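Below is one structure, written out as structure tokens; comments come after it.
The values are calculated or read from the model by the stated rules, or taken from the named source; none is laboratory data. Just so it is clear, the model here is predicted, and its values are computed rather than measured. Neighbour counts run over all protein chains shown; Cβ positions are idealised from the backbone, glycine included. Areas reflect the complete protein model, heavy atoms only, side chains present, ligands, DNA and RNA absent. Shrake-Rupley method; radii C 1.70, N 1.55, O 1.52, S 1.80 Å.
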Amino acid sequence: MIGRLHRPGATPVHRLPPQCKIVATVAFVLAVVATPRERLWAFGAYALMLAAVAAAARVPAGFVARRMTVEVPFVAFALLIPFVAHGPRVEVLGVALSESGLWAAANILAKASLGAAAMILLAATTEPRVLLLGVERLRVPPLLTQIAGFMLRYLDVVVGELRRMRVARAARAFEPRDLRDARVLGRAAGALFLRSYERGERVHLAMLSRGYEGRMPAADEAPATAGQWTAAALLPAAAALVAAGAWLVG
């Protein structure tokens, strides 16, 4: 399921070390967040930068657009702001809306969309396990990366277990209709938790029997070169210039 975010390829973007892409993505997002909300041209420039990265990585626009649905809650929240915010009001299509609320909504939509698109491109060009390896190379505590790695590895297993439990309930003619069925669903959730916990215990014992001492075997790969860091820095450097220009052009 997590792997559906990744789009295999052999482009220069795919070949960049994961730690370079992580730092570049975070720096790009910081530049976007630091941009004044009134500089709409800057957000257009950021969108063009991401489009250039997507083209270089051969990631179709439809692939990104389908996964942008993750920001639907932010969109719903942003659309409500002009109706509830205070301050001077302007009329849009016959409806009086808050001027500051409109700016706030545009700010949230632009920055959330650009941040989500950047993260989607990062996930599309980097395998989940490689992404975790890059996080570990950035000196994140190994325990956190191991927990995240096991979560990614066994999420599909837990989802499959949940699917089998749902099929078993349906085979016994159970269909949840109202709150009276919450007890059955609660017991199912408890059973799923116990099965997941027991599976984790068995996996941990199996790892200990194979010599696990708190650290996973490190992959023997060469560190990122100066050229690779320079290539990854092109996107955030361009974004930083645009952000600086947005503040200077007042």
Dipole axis of the chain (+1 Lys, Arg; -1 Asp, Glu on Cβ), positive-most option in 196, 83, 125: 196
Positive-pole candidate from 158, 206, 168, dipole of region 141-209, charges at beta carbon: 168
For the chain, the fraction of alpha-carbon pairs in successive 5 Å shells from zero, as %: 1, 5, 10, 11, 13, 12, 12, 11, 10, 8, 5, 2, 1, 0, 0
Accessible surface ranking that places the most exposed of 174, 28 first, with a 1.4 angstrom probe: 174, 28
Equivalent ellipsoid semi-axes, region 142-212, via Cα gyration tensor eigenvalues times 5, rooted, Å: 31, 12, 11
Cβ-based charge dipole, the chain, positive-most Cα from 60, 43, 243: 60
Probe 1.4 Å, accessible area per residue of region 69-175, Å²: 61 Å²
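Roughly what percent of Cα-Cα pairs across region 43-109 reach past 14 Å?
Roughly 68 percent, once rounded to a whole number.
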Accessible surface of region 141-209 [probe 1.4 Å, protein heavy atoms]: carbon and sulfur percent: 64 percent
FRET efficiency for residue 74 and residue 195, using Cβ-Cβ distance with R0 set to 45 Å, rounded to 0.05: 0.85
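When the helices in the chain are scored as -39500 (n - 2.57) per DSSP H run of 4 or longer and the sum is shared across all residues, what 222 nm value do you end up with, to the nearest 500 deg cm²/dmol?
Numbers: 10 runs with 175 residues, N = 250.
It lands at -23500 deg cm²/dmol.
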Rounded Å value of the spacing that divides the Cα centres of region 8-50 and region 170-202: 42 Å
